[in-house]
1. Can you list residues from other chains, or at least 5 along the same chain, whose modelled amide H is less than 5 Å from the amide H of residue 109?
2. For segment 98-202, what is the relative contact order in percent, using Cα pairs closer than 8 Å and at least 6 residues apart in sequence?
3. Report, in whole Å, the centroid distance computed from the Cα atoms of segment 355-431 and segment 1-31.
4. Tell me which residues come under 5 Å, amide H to amide H, from residue 193 once H is placed; ignore anything under 5 positions away on its chain.
5. Determine the relative contact order of the chain: mean sequence separation of Cα pairs under 8 Å and six or more apart, normalised by residue count, in whole percent.
6. Sort 418-424, 82-88, 318-324, 233-239 for me by packing, meaning the mean count of neighbouring Cβ atoms within 10 Å per residue, highest on top.
7. Please work out the FRET efficiency for the pair residue 241 and residue 264, using the Cβ-Cβ distance as r and a Förster radius of 35 Å; give the result to the nearest 0.05.
8. Calculate how steeply helix 278-290 sits against the longest principal axis of the alpha-carbon atoms of the chain, using the helix alpha-carbon long axis, and give the answer as 0 to 90 degrees to the nearest 10.
Amino acid sequence: MLVRNARLADGRVRDVRVEDTQVTAVGTGLDAVGEVIDARERLLLPGAIDVHVHFREPGAPHKETWRSGSRSAAAGGVTAVIDQPNTDPATTTGAAFDQKELCAGDSLVDYGINGGVTESWDPETLFDRQLVALGEVFLADSTGEMGIDGDLFEDAVHRAVEAGVPVTVHAEDATRFDTDARDAAGDGVGKDADADAWSAYRTPEAEIAAVERAVEVGADAGAHLHVAHTSTPEAVDIVADAPDRVTCEVTPHHCLLSRADLDELGTFGRMNPPLRSETRRAALYERVVDGRVDLVATDHAPHTRAEKEAPLLAAPSGVPGVETMVPLLLAETRDGPLTVERVRDLTAAAPAATFGLDRKGRIEAGMDADLALYDVAQTRPIDGARLHSKCGWTPFEGFEGVFPEWTTVRGDRAYDAIMDTFGTAAGENIG
Ligand SMILES: NC(=O)N[C@@H](CC(=O)O)C(=O)O
Ligand SMILES: [Zn+2]
Ligand SMILES: [Zn+2]
């Protein structure tokens, strides 16, 4: 196929030739091969790589399956995902890894699988598999109750260094949570709940202290340490001041939502780490814009509406996001502070570089033909009912988004917006 006259993120207008699974040329006036797609006035981006998703299989297919989650990804311009280990069973042994890999066979997009750490993990068999990273390693309980203590964390980091894999960490220190604030939560349900109590409970200091400690452990061990879903500017600054092999990600929800939105969101806005003050949100987003933050990832954590329609302390933590990440960020290039190049780097080039995915993240000859085409002039309000995740809702209801016209995974059409249809191609393990 030949994508003719596409605008690339840096503003150049180029033809992009795709043969079989790869981009074979980027240039002007290229000879046609196969189908020719007129991409004039359209933006062509490398498929985004979401390094932090929870696709829920095995264990909770009523929340999400590899099929539904990967459709949601493709419809949002995401062509590869990395799945986290808090499934059931947790991905803490070789056998559990194999079980997840079977489920991931249903994925429409490429995928990596991370390995998890609990008291009962089996590092021997786990490191025998093709992990992308160890993690997210939970330093405090979140969905799946996989919080571990400091000694086990140090041990796990050392083993990861021996195995040559990065460590992704969920950094919150539960000893610094404000349990009185949690216990003061009323019994309102769903949108009527006092969800701000969750933000008061899981304090900024709990994240800052845990990131400080994790970075120390990682640096001492010579690890590649990646801090998941950093939600405070202070934590980003600790990572930015650490050696090069310490990296961090920030989610769209921590950039675009704050405690001020919790009246509206109620328990649908409960997640870990929680939404922060408007002041911290703005300072965090500033760091995403100026390059102190390495990359954006969604922490796509779907739970059903019925599960979220509960009192604050009974509702599960987490929000979906894999389908809305690139659309929201591209909308922010129209009237917000981001440039299209920065969006490309945050969602594709940097995730690929951080996790060593050599054939992904850039549009160049020899790279996988993971592509998404956008008309940045066209935004539409995000509507939870039209998204493809099983959960059927979004914390970004009504926000403007720039959605892809189509997405390809290694040269195959994975998503076509005109008919809202999906391809049949199978995603591959990139671990
Ligand atoms: N972020 C969340 O609030 N929840 C995540 C787990 C996690 O990333 O902590 C989930 O799996 O539901
Ligand atoms: Zn987490
Ligand atoms: Zn997560």
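1. Under 5 Å from the amide H of residue 109 lie the amide H atoms of 427, each far enough along the sequence or on another chain.
2. 20
3. Their Cα centres are 18 Å away from one another.
4. Excluding prolines and chain starts, which carry no amide H, the hits are 267.
5. Here the relative contact order equals 21 percent.
6. 318-324, 82-88, 233-239, 418-424
7. Efficiency for this residue pair is about 0.50.
8. The angle comes out at about 40 degrees.
Values quoted throughout were computed directly from the atomic coordinates according to the rules given, and no laboratory measurement underlies them. Keep in mind that what you see is a predicted model, and the values were worked out from it rather than measured. Glycine gets a Cβ as well: all are built from the backbone with ideal geometry, and neighbour counts include every protein chain shown.
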